[in-house]
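Reading through the structure tokens given below for one structure.
The values are calculated or read from the model by the stated rules, or taken from the named source; none is laboratory data. Just so it is clear, the structure is predicted and the values come from calculations on it, not from any experiment. Note that we place each Cβ from the backbone using ideal geometry, even for glycine, and neighbour counts take in every protein chain shown. Please note that ligands, DNA and RNA were not included when accessible areas were found on the heavy atoms of the full protein model with its side chains. Shrake-Rupley method; radii C 1.70, N 1.55, O 1.52, S 1.80 Å.
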Amino acid sequence: MKPTVKPKNPCFSSGPCAKRPGWSLDALKGAVLGRSHRGKQGKNALAEVIERSKALLEMPKDYLLGIVPASDTGAIEMAMWSLLGERGVDVFAWESFGSTWAADCKKQLKLKDLRVFEAGYGKIPDFKQADWSRDVIFTWNGTTSGVKVPSGDWIADDRQGLSICDATSAVFAMPMPWGKLDVVTWSWQKVMGGEGAHGMIALSPRAVKRLETYTPAWPLPKIFQMSKGGKLIDGIFKGETINTPSMLCVEDALDGLKWGEKAGGLKGLVARSQANLKAMEAWASKAGWIGFLAETPETRSNTSVCLKITDPWYAGLSAEEQEKGAKKIASLLEAEGVAFDIGAYRDAPAGLRIWAGATVETSDLEALFPWLDWAWNEVKSSSAKAA
Ligand SMILES: Cc1ncc(COP(=O)(O)O)c(C=O)c1O
């Protein structure tokens with residue numbers, strides 16, 4: 001039977017993610033619009049995003065945080081282009097985005113001393129292989145496989161290289177071991193439900209030192225430049241953006257941060273996301289037809305939860321039929337207006353991906369579960385009829 005109760009908010013996309021509970025366009029009323037972002041008000045708003053983010057994320061006082069162009073990709077590539085080449089590089093990759101950063105190192109930067117440690121969807125590479133005399137690049141939460149780094153214990157405290165971490169679908173939902181991370185990047189449209197376009201880059205004192213003492217051999221476009229003549233461009237870390245930001249997005253980012261503060265700060269945000277994963281685990285084990293793509297529970301993402309269909313009938317289908325079935329579940333639910341954008345990422349194995357970050361209400365997930373069971377039954381029974 002078709003369920004009757006629908007989630008209040010059907011937005012379960014893994015980016016842009018659901019707006020915070022209670023959000024409306026009114027939240028943007030205070031935006032500094034039609035004014036220069038370099039004027040006092042504009043600059044103050046940008047600096048406020050930096051300061052509130054640092055406080056909410058409990059970042060060490062000696063770390064710098066800047067707002068940069070081109071979302072998370074802009075932030076991580078800016079770090080790679082600015083910092084790499086000084087020593088050997090290790091890249092750990094286990095899904096689409098990590099593989100993109102590995103390809104950047106290999107094909108674009110053409111690093112000579114490069115080691116890439118890869119694992120397939122659902123798995124995680126062996127971090128013990130990291131050599132901390134080298135720079136190490138990795139993604140904290142693999143958004144397209146739902147596999148996260150379980151802890152930072154493998155990152156050496158006495159490392160000589162830099163640890164460079166793409167944490168876009170992790171920050172604000174997973175605790176970050178800041179002292180183990182030299183570069184951390186993210187964007188606004190993930191856990192805090194902000195708008196896309198802008199990137200954030202956090203730098204440890206060691207990363208700043210590298211910027212001030214090393215000049216890469218390749219050309220650096222203006223939007224990647226964080227230092228000039230051996231000195232950090234410190235304005236970037238005080239709200240003097242490299243180029244023009246959207247002040248509407250800035251206002252929205254501030255709204256999200258203020259909501260996060262009221263939702264119990266970092267602890268509260270992490271707890272909201274973890275409660276969502278717990279609810280999904282309870283449902284999946286009862287449902288019996290679905291499980292997690294992440295092979296071990298400690299690597300199971302609590303934001304981009306990737307699910308695979310484990311039912312024996314489905315497992316016996318061809319890869320093409322499996323993909324069709326999973327897509328049908330997503331499209332049935334979209335048509336019913338109960339879940340938007342929950343299909344697996346295009347390069348990932350067939351399945352579903354449901355965002356469970358802090359802006360998602362557990363009650364909305366709970367309303368979604370009966371619909372997932374219903375859609376699954378529709379797919380399975382219509383296929384049995386056709387056969
Ligand atoms: C882990 C990861 N890295 C990078 C990106 C690209 O982010 P953006 O579109 O903000 O550049 C994404 C987007 O989903 C992501 O999940």
What is the percent carbon and sulfur in the accessible area of the stretch 42-165, measuring with a 1.4 Å probe over the protein chains and ignoring ligands? 47
Under a straight-distance cross-link criterion of Cα-Cα below 26 Å, which lysines are reachable from LYS327, leaving out those fewer than 8 residues away in the same chain? LYS2, LYS6, LYS8, LYS19, LYS123, LYS148, LYS190, LYS278, LYS286, LYS308, LYS380, LYS385
Inter-part gap, Cα centre of the stretch 285-351 to Cα centre of the stretch 248-278, in whole angstrom, is 27
Principal semi-axes in Å for the stretch 228-299 [√(5λ), Cα gyration tensor, largest first]: 40, 18, 12
Spacing of the two label points (7 Å from each Cα toward its C-beta) at ASP126 and ALA282, in nm: 3.9
Quick one: Cα convex hull volume of the stretch 281-387, Å³ per residue? 108
Given the DSSP H assignment, sum -39500 (n - 2.57) over each helix run of at least 4 residues in the chain and divide by its residue total; what's the result at 222 nm in deg cm²/dmol, nearest 500? -11000 deg cm²/dmol
Relative to 2.2 N^0.38 Å, what does the C-alpha radius of gyration of the stretch 1-126 come to as a ratio? Two decimals please. 1.48
Restricting to the chain, what percent of DSSP beta bridges are antiparallel, rounded to 5? 60
With R₀ set to 30 angstrom, the calculated FRET efficiency between the beta-carbons of ALA55 and LYS324, to the nearest 0.05, is 0.05
Can you tell me which of 147-160, 367-380 comes out highest on packing, and rank the rest after it, using the mean Cβ neighbours within 10 Å? 367-380, 147-160
The answer for the stretch 26-88, accessible area per residue at 1.4 Å probe in Å², is 44
Convex hull (Cα only) mean projected area of the stretch 108-257, reported in nm² to one decimal: 10.0
The stretch 172-250: C-alpha gyration tensor shape, a/c 1.5 cut-off, then a/b vs b/c: oblate
Going through the stretch 1-103, which GluC sites (Glu not before Pro) have at most 12 other Cβ atoms within 10 Å and a DSSP loop state? GLU58
Taking 239-250, 6-17 and ranking on average Cβ neighbours within 10 Å, highest first, one gets 6-17, 239-250
If you build the convex hull over the alpha carbons only and average its shadow over all orientations, what do you get for the chain? Give it in nm² to one decimal. 19.6
